[in-house]
Amino acid sequence: MGRYTKEDIIRRVNEEDVEFIRLQFTDIFGQLKNIAVTRSQIDKVVNNQCMIDGSSIEGFTRIHESDQYLRPDLDSFAILPWLPATRKTARLICNVYNPDGTPFVGDPRYILRRTLEKAAKMGYAFNVGPEMEFFLFETDERGLPTTRTADAASYFDMAPIDRGGDVRREICLMLEEMGFEIEASHHECAEGQHEIDFKYADALTAADNISTFRMAVKTVAQMRRLHATFMPKPIFGVAGNGMHVNMSLTKDGKNIFHDPSDSRGLSREAYSFIAGILAHVRGFAAITNPLVNSYKRLVPGYEAPCYLAWSASNRSALIRIPAARGESTRVELRCPDPACNPYLAIAVCLAAGLDGIEKGLVPPAEITENIYAMSEQERRAQGIDSLPGNLLEAVELLEGDELITRTLGEHVFQSYTTGKRAEWEEYRTRVTDWERQRYMIVY
Ligand code: GLU
Ligand code: MG
């Protein structure tokens, strides 16, 4: 049972002077889409009668089967605080259904819901807390993004060196109005780079929150003539944007990753979950790190992972176990980036972790040294594998991972890999500035 009933939504729409309702859903590459309806349609909205034509949406359906119904998740009702305060605009996040009443298999939110059901059958609920990083850049006279920033600040710096503090403040306030609990916000390592952390939630809400967060950050930045980007590596030679994902499983409301009798305070399930992630991360990287550009972030030297190892402390490892124990015991996966489709990314992480638990997998030994400083031979001697080096390799590994392809389902798997192979092909054949600089004079 959700928090809100249909009647609650209708009452809020009337009492709070809501005139527009945006019905939101996500395409398979994680782009938030919406149709807006007016208050006059509210009965249709809450009774799941609003329709869309899915034929032009990335990864949705073919022309001859394009009618789809939006079933709003009533608990996602929120007023968009940056829009006018009279005749307000609210949003509802929707599940996508076929005309025959079955869930649409190309709806990423459904893929996550289905994976969460699997966890529920094993008695588990899944909590997720993301750490979102982004850059703020100046725009040009036409409002288009540049890579300029007047901000010369670094990690945890403050104003006046940090020129983004006011925008961060405004983003936090807007998000709080939408019901987020903001835990921390700060300047990140690179000039113009920021991070805002919000409280963990059940996995479905967390994925919704990631989507909402990206929309809010981009909108508030635009209102200040800035451009916010979650592109994983906008600038060569400085830190990229990560979306570290903190994960924990609960059973009967209790965190099952904690075991006080273990030397590290971790349970058998926690170790197996880690092992499951390590077993499948190469297979699911194409989902958590979806762009050609994602793999330019996963290089040594910028606190982004490249190698498959876990550690209770070491930030060069792919998986870190933050110090908190008890109900806060969690596994932090550091490879995902904020350009991913959050529904699919969270679904594949969960599926991998559950696979580890089901099979009773045991992770390799913890790596406490700085892995970036090891030679290839040293890594090989310790059995430390690498993340895929580019999008093509990631897609090929995805195609070879049976668990991950099954988790995505045939429809999403086909559309996703077809799209990503086309993206790679487009990139592969482009002639870049780097090539001209490197080759034109010499050859
Ligand atoms: N920006 C780094 C990354 O790409 C992470 C920095 C941090 O540890 O917060 O993942
Ligand atoms: Mg960070």
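Where a number appears in this text, it was derived from the coordinates with a stated rule and is not lab data. If you're wondering where the values come from, they're calculated on a predicted model, not measured in any experiment. Note that we place each Cβ from the backbone using ideal geometry, even for glycine, and neighbour counts take in every protein chain shown.
Give the value in nm², to one decimal: projected area of the alpha carbon convex hull of region 90-246, averaged over all directions.
11.7
Can you compute the label reach from ASN47? Point 7 Å from Cα along the Cβ direction, backbone N cut-off under 17 Å, restricted to region 78-108.
Counting backbone N atoms under 17 Å from the label point, the list is 101.
Which one, LEU266, THR139, CYS172, projects farthest toward the positive side of the charge dipole computed for the chain from Cβ point charges (K/R +1, D/E -1)?
It is THR139, whose Cα lies furthest towards the positive end.
Two decimals is fine: what's Rg over Rh for region 297-437, C-alpha atoms, Kirkwood radius as Rh?
Details: Rg = 17.2 Å, Rh = 17.3 Å.
In region 297-437, Rg relative to Rh is 0.99.
What nm distance separates the two modelled labels at TYR439 and LYS251, each placed 7 Å from Cα along Cα→Cβ?
Inter-label distance under the simple model: 5.7 nm.
What is the P(r) of region 319-381, as percent of Cα-Cα pairs per 5 Å bin from 0?
For region 319-381, the pair-distance distribution reads 4, 11, 16, 20, 22, 18, 9, 1.
With N set to the number of residues, divide the alpha-carbon radius of gyration of region 1-96 by 2.2 N^0.38 Å and report two decimals.
Here the answer is 1.10, to two decimals.
Give me the dipole magnitude in Debye, nearest 20, for region 210-303 about the Cα centre, with unit charges on the beta carbon: positive for Lys and Arg, negative for Asp and Glu. Intermediate values should be presented prior to the final figure.
Working: 12 positive and 5 negative charges, 109 e Å.
Computed about the Cα centre, the dipole is about 520 debye.
Can you work out D for the chain in µm² s⁻¹ from Stokes-Einstein, where Rh is the Kirkwood radius over C-alpha pairs, the temperature is 37 °C and the viscosity is 0.692 mPa s? All intermediate terms of the calculation are to be shown ahead of the outcome.
On the way: Rh = 22.9 Å.
In µm²/s, the coefficient is 143.
Loop only by DSSP, 10 or fewer other Cβ within 10 Å of the Cβ. Give me the chymotrypsin sites (Phe, Trp or Tyr not before Pro) in region 172-268 that pass, ordered by residue number.
Details: sites: PHE180, PHE198, TYR200, PHE213, PHE230, PHE236, PHE257; in loops: PHE180, TYR200, PHE230, PHE236, PHE257.
Counting only loop positions with at most 10 other Cβ atoms within 10 Å, the chymotrypsin sites (Phe, Trp or Tyr not before Pro) in region 172-268 are PHE236.
Around ARG3, with a cut-off of 12 angstrom between Cβ atoms, what is the net charge of the other residues, counting Lys and Arg +1 and Asp and Glu -1?
Within the 12 Å Cβ shell, the charges total -2.
Putting +1 on Lys and Arg Cβ atoms and -1 on Asp and Glu Cβ atoms, find which of THR115, PRO81, TYR97 reaches farthest to the positive end of the dipole of region 35-116.
Going by the Cα projections, it comes out as PRO81.
State whether region 51-128 is rounded, prolate or oblate according to the following rule on the C-alpha gyration tensor (a ≥ b ≥ c being the square roots of its eigenvalues): a/c under 1.5 gives rounded; otherwise a/b larger than b/c gives prolate, and the remaining case gives oblate.
On the way: a/c = 2.51, a/b = 1.12, b/c = 2.24.
Taking the square roots of the gyration eigenvalues as a ≥ b ≥ c, region 51-128 is oblate.
Only four residue types carry charge here, +1 at the Cβ of Lys and Arg and -1 at the Cβ of Asp and Glu. Report the dipole size of the chain about the Cα centre in Debye, rounded to the nearest 20.
Charge dipole, the chain, about its Cα centre: 240 debye, nearest 20.
Please get the size of the charge dipole for region 342-423, origin at its Cα centre, with Cβ charges of +1 on Lys and Arg and -1 on Asp and Glu, quoted in debye to the nearest 20.
140
Hand me the chymotrypsin sites (Phe, Trp or Tyr not before Pro) from region 118-159 located in a DSSP loop with no more than 16 other Cβ atoms within 10 Å, in residue order please. Could the numbers behind the result be given before it?
Working: sites: TYR124, PHE126, PHE134, PHE135, PHE137, TYR155, PHE156; in loops: TYR124, TYR155, PHE156.
Answer by residue number: TYR155, PHE156.
Extent of region 160-247 along each principal axis, from alpha carbon coordinates, in Å, largest to smallest?
35, 26, 19
Can you pull the percent of Cα pairs in region 187-312 with separation above 16 Å?
72
First check a/c for region 246-316, with a ≥ b ≥ c the square roots of the eigenvalues of its C-alpha gyration tensor; if it is under 1.5, answer rounded, and if not, answer prolate when a/b is larger than b/c or oblate otherwise.
Since a/c reaches 1.5 and a/b is larger than b/c, the shape of region 246-316 is classed as prolate.
Out of every Cα-Cα pair in region 57-176, what percent are more than 18 Å apart?
Beyond 18 Å sits 73 percent of the P(r) for region 57-176.
Calculated FRET efficiency, THR432 and HIS186, Cβ-Cβ r, R0 30 Å, to nearest 0.05?
0.35
Report the Cα centroid-to-centroid distance between region 373-434 and region 140-192 in angstrom, as an integer.
So the separation of the two Cα centres works out to 32 Å.
Taking other Cβ within 10 Å of each residue's Cβ, how do MET374, MET247, MET51 sort, fewest first?
MET51, MET374, MET247
Looking at the calculated P(r) for region 381-443, what percent of the C-alpha pair distances fall above 21 Å?
In whole percent, the share of Cα-Cα pairs in region 381-443 beyond 21 Å is 45.
Using 0.36 nm per residue, how much length does the chain from PHE236 to THR219 gain when fully extended, once their Cα-Cα distance is taken away?
Taking 0.36 nm per residue and subtracting the Cα distance, the gain is 3.6 nm.
List the trypsin sites (Lys or Arg not before Pro) in region 1-60 that DSSP assigns to loop (not H, G, I, E or B) and whose Cβ has at most 16 other Cβ atoms within 10 Å. Which are they?
ARG3
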